[in-house]
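The values are calculated or read from the model by the stated rules, or taken from the named source; none is laboratory data. Keep in mind that what you see is a predicted model, and the values were worked out from it rather than measured. Reconstructed Cβ throughout: ideal geometry from the backbone, glycine too, with neighbour counts over all protein chains shown. Side chains are part of the model used for accessible areas, which takes the heavy atoms of the whole protein and leaves out ligands, DNA and RNA. Shrake-Rupley method; radii C 1.70, N 1.55, O 1.52, S 1.80 Å.
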Amino acid sequence: MNLINMPSTLVRVLLLAMITLTGPAQAQDERPVGEVIVELFNGEFGVGGQVRPGSWAGIRLRITDSAAQPRELLIRIAGDDPDGDTPMFESVVASSPGTTRDAWAYIRLPAKLSGPFSVSVYEAIATDDEIRPYRAGDRLGDAQISPRGGGVSDVTSGMYGVLNSRGGLGLNQYAVGPSSNAPHSPLANERTSVVTQLKADMLPDRWMGLDSFDVLVWCDADPLVLGTERPQALIEWIERGGHLVIALPALAQEWTNPRSNPLAQILPRVTIQPVEPEYDFNLLLPLFVGTEGRPTDIEVKDSSLIVRELIADPLARPGEAEEILTDRDGRVLVSRRLVGQGMVTLIGLDLNARPFLRYSMPRAEVFWNRILGRRGAYRSVSELSNQNTKAGELNALARNREPRWYDDDVKDEIATSGRSAAALLLGFIAFGLYWLVAGPLGYGVLKRYGLIRHAWLGYLAAGAVFTLLAWSGALALRPKSVSARHLSVIDHVYGQPLQRSRSWMSLLVPWYGDATVRIDSSDGYHNMIAAWSPRDGGATAIFPDARGYALDARNPNTMRFPTRATVKQLDATWAGAPLDDWSMPTPVLGDGQQGEPKLTIEEDGAKGILRHSLPGELRDVLIVAVSGQYQVGMQQLYLHDGKLLFDARAATQRAWPPGTNLDLSELEGWETLRQTLDTLVPGASNSGVSAMTEADSRHGRLEDRLRALTFFQVLEPPAYVKNNTRGGTLPKRWQSQGLDLSRWLTQPCIIVIGVLEDSPMPMPMTIGSGREFESQGKTLVRWVYPLSGKAPEWSEFLDDEDGPSSVEGG
């Protein structure tokens with residue numbers, strides 16, 4: 001069509017429409033607009049500018065209000081819901097007129113990120129609604145925010161954060177992959193994203209912002225920088241299972257003064273004592289780089305290195321000052337304190353000191369594996385080119401690994417297809433009978449008795465009868481009460497006043513309108529609930545009446561959402577005081593025994609008696625007895641054989657009813673933990689592995705996959721064999737990174753793992769005005785019994801010039 005030949009008025013109308021449709025959208029994408037300007041703080045989406053899909057994320061916003069008077073603003077970020085509804089994560093902040101302030105907002109990210117997130121700012125209007133104390137008033141500003149390039153980790157990756165480091169402290173070796181975009185390591189399994197540019201004042205003020213992080217390593221920073229809210233958020237993250245590692249800086253006065261340290265209450269109860277003014281750094285090389293490939297030009301004495309001994313307080317209770325690593329003279333260099341479900345590890349060395357930076361130490365598989373509980377070597381393909389396999393061949397093998405998903409069962413386990421299938425079957429049966437009665441069968445009966453003239457009357461009667469039967473059957477099958485089908489995990493550490501649980505569920509709400517679910521948070525913890533969608537993004541069809549619903553982004557323990565007499569899939573996380581109906585295993589005395597009941601580790605297993613009062617029989621029970629770590633110096637620089645650095649044995653018990661004793665000394669079939677774990681990852685050495693699609697890439701029983709998730713970081717790594725075309729199997733996970741208990745293998749303990757079938761949900765959740773509802777599903781129970789022990793000794797081979805000739809390990 002030629003615009004010149006068109007009437008001028010029509011041309012003006014078309015041009016005006018084009019400008020109207022395109023202009024504002026472009027302006028909004030380029031810069032926020034409105035009376036209130038809202039944008040990302042320093043352009044960072046997520047803590048340190050990094051997020052992982054499928055988890056919660058903290059987003060720091062910069063807010064500029066042009067109003068003349070202070071006021072409260074409601075910030076709303078639109079999220080994702082597979083039903084087509086729009087969850088609106090809301091935060092309320094007080095503005096500073098004419099100035100700029102920053103505020104944290106929180107949102108649960110979908111497993112598949114697509115497009116920017118919409119942020120809107122409204123005037124906050126107070127209400128009398130307990131669930132939603134503020135509603136949106138006048139709209140004051142809008143913006144579009146999204147992660148920067150490279151700011152989104154792979155959904156299958158772990159995440160570590162490093163604060164105030166100058167070189168990554170060696171942790172960035174966990175991020176090495178066979179290629180820049182491969183989510184796994186060449187000689188290990190999961191690749192870890194390491195955020196190395198963190199500062200203490202960049203941490204969020206709610207623990208949800210740290211949900212993506214498994215470990216935080218802190219060095220060379222004053223803890224006072226945290227302020228008032230950040231310490232509580234960090235402590236709650238630890239109590240829920242986080243691992244905080246603190247490497248003492250050269251000047252450690254801020255950490256040793258409890259009055260100026262807001263984290264003093266969770267540090268190991270130790271006295272920090274400098275060893276001597278100058279320390280021979282060569283004496284520590286086996287701890288940081290192993291026994292091969294050691295630098296030969298390190299200065300014997302380096303004044304920039306300060307080594308501190310961590311002397312346990314004589315009054316420290318069990319779990320408050322556990323020794324993890326020592327030097328060759330037995331001085332404790334690494335100590336640990338248990339905090340809830342997590343732990344705080346203190347390192348008496350400044351890992352930012354010149355020797356560490358100059359010689360690229362410590363090596364991850366030598367030092368950090370002993371701190372974090374990991375297995376395997378972490379090297380790039382180029383570094384491995386001097387091994388049996390050429391770099392090009394190894395690169396191909398490292399990329400060509402068969403995936404095995406270990407946490408992709410949620411969708412199937414929480415499916416509520418039984419009632420729907422029964423209704424569908426009833427419908428087919430009713431229709432078939434109706435067709436027979438109203439059709440050939442009814443006609444034949446009428447013909448036999450000479451009543452064909454009443455065929456239409458019989459047809460109408462059959463229709464009425466079967467209509468009544470269909471409605472009656474539908475009403476009988478229609479659910480009348482709220483119920484949930486779930487898959488859950490519950491954890492408890494003996495002696496700690498805290499349990500935690502996570503549940504994925506399909507919640508059936510048999511009415512139209514709205515429903516409110518709430519997780520009890522009376523213990524002061526910030527629990528979370530949000531819509532859940534599977535890894536592929538969920539259903540493609542959405543409800544035609546999709547609408548928005550609000551969640552308190554800073555305390556998302558309550559959710560009011562639209563209901564349509566169907567199921568809502570949810571992901572809930574809870575922490576609090578131990579539940580009365582979930583009494584975990586406890587040591588008890590046997591007949592005729594006296595004294596305090598306790599568990600011990602023997603050479604061939606464990607000793608002691610346990611009893612539980614859980615709501616059902618514990619099945620497929622796995623008992624793991626961890627004696628500690630193998631000797632320092634007994635690992636090669638390249639750990640191709642994948643041996644564990646931890647001395648652990650395992651045994652199984654088919655069933656353990658509640659109220660009955662389990663005598664650990666009577667268990668048979670103890671084997672090394674490596675033998676147990678390696679059965680969970682078949683084909684790791686690429687023998688007998690056939691190609692398969694990811695949809696069919698689950699292995700074994702669900703119970704075995706749940707065990708594998710518990711010790712994911714120490715599953716069998718690949719063992720490359722020359723002339724093979726496949727690189728072995730690749731264990732994968734995408735929504736259970738925070739459930740790994742591998743860190744417990746670094747210290748003596750006993751771990752009990754089992755499954756409850758058809759159990760209620762292990763968290764205090766209610767609907768409506770506090771009404772409990774029926775729930776049924778599978779629950780993975782995990783219980784840890786910490787033991788005091790000694791750090792690993794140093795190998796006698798370290799005194800030999802040639803070092804050890806072989807590797808010992810489980």
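Observations on the model:
- Scope region 748-783; condition part of a strand (DSSP E or B), open to solvent by 10 Å² or more (accessible area, probe 1.4 Å) and either under 17 Å from A650 (Cα atoms) or in contact with a Pro (Cβ under 9 Å, 6 or more places away or on another chain) (or both); matching residues: E774, S775, Q776
- Qualifying residue in region 553-565 (condition: open to solvent by 50 Å² or more (accessible area, probe 1.4 Å), at pLDDT below 95 and closer than 30 Å to L74 by Cα): yes
- Qualifying residue in region 692-699 (condition: at pLDDT below 90 and at positive phi): no
- When residues in region 593-608 are screened for being free of Cβ contacts under 8 Å to residues at least 60 places away in the same chain, assigned to a loop (DSSP other than H, G, I, E, B) and open to solvent by 80 Å² or more (accessible area, probe 1.4 Å), 5 of them pass.
- Flag: V13 does not match the condition of being open to solvent by 60 Å² or more (accessible area, probe 1.4 Å), of a type in the set (A, V, I, L, M), within 42 Å of the chain's Cα centre (by Cα) and at pLDDT below 95.
- Every residue from region 216-234 that is touching a residue at least 40 places away in the same chain (Cβ under 8 Å) and open to solvent by less than 10 Å² (accessible area, probe 1.4 Å): L216, V217, W218, C219, P223
- No other residue among R354, R337 is closer than 22 Å to I238 by Cα and open to solvent by 10 Å² or more (accessible area, probe 1.4 Å) apart from R337.
- Test set (1) open to solvent by 10 Å² or more (accessible area, probe 1.4 Å); (2) at negative phi; (3) in a strand (DSSP E or B) - A575 fails condition number: (1)
- Qualifying residue in region 499-522 (condition: farther than 30 Å from G738 by Cα, part of a helix (DSSP H, G or I) and open to solvent by less than 40 Å² (accessible area, probe 1.4 Å)): no
- Scope region 668-691; condition modelled with pLDDT of 55 or more, open to solvent by 20 Å² or more (accessible area, probe 1.4 Å) and part of a loop (DSSP other than H, G, I, E, B); matching residues: E668, G669, W670, T679, P682
- Among the candidates D552, D591, D571, residue that is among the charged types (D, E, K, R) and over 22 Å from the mean Cα position of the chain (by Cα): D591
- In a residue-by-residue description of region 158-172, the property of being part of a strand (DSSP E or B) and of a type in the set (V, I, T) applies to at least one position.
- Flag for L618 being in contact with a Pro (Cβ under 9 Å, 6 or more places away or on another chain), of a type in the set (A, V, I, L, M, F, W, C) and modelled with pLDDT under 95: no
- Only residues that are open to solvent by 100 Å² or more (accessible area, probe 1.4 Å) and touching a helix residue (DSSP H, G or I) at 6+ places or on another chain (Cβ under 9 Å) were counted across region 448-459, and they come to 1.
- With respect to the conditions (1) open to solvent by 20 Å² or more (accessible area, probe 1.4 Å); (2) among the charged types (D, E, K, R); (3) in contact with a strand residue (DSSP E or B) (Cβ under 8 Å, 6 or more places away or on another chain), E130 lacks only one, and its number is (3).
- Checking S118 against (1) polar (S, T, N, Q); (2) in a loop (DSSP other than H, G, I, E, B); (3) at pLDDT 95 or above, the condition it does not meet: (2)
- Check on R139, in contact (Cβ under 8 Å) with a residue 60 or more places away in the chain, in a strand (DSSP E or B) and not small (G, A, S): yes
Quick grid of which residues meet (1) within 24 Å of G168 (Cβ to Cβ); (2) at pLDDT below 80; (3) aliphatic (A, V, I, L, M):
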{"residue": "V245", "(1), (2), (3)": "yes, no, yes"}
{"residue": "Q253", "(1), (2), (3)": "no, yes, no"}
{"residue": "N261", "(1), (2), (3)": "no, no, no"}
{"residue": "V270", "(1), (2), (3)": "no, no, yes"}
{"residue": "T291", "(1), (2), (3)": "yes, yes, no"}
{"residue": "R294", "(1), (2), (3)": "yes, yes, no"}
{"residue": "E299", "(1), (2), (3)": "yes, yes, no"}
{"residue": "E309", "(1), (2), (3)": "no, no, no"}
{"residue": "L315", "(1), (2), (3)": "no, no, yes"}
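- Contact annotation: residue pairs with Cβ atoms under 9 Å, 6 or more positions apart or on different chains, pairing a residue in region 758-783 that is more than 15 Å from L739 (Cβ to Cβ) with a partner that is of a type in the set (D, E, K, R) and in a loop (DSSP other than H, G, I, E, B), are P760/D581; P764/D520; P764/E772; M765/D520; M765/E772; T766/D520; T766/E772.
- Any hit, region 192-199, residues being in a strand (DSSP E or B), modelled with pLDDT under 95 and within 15 Å of the chain's Cα centre (by Cα): yes
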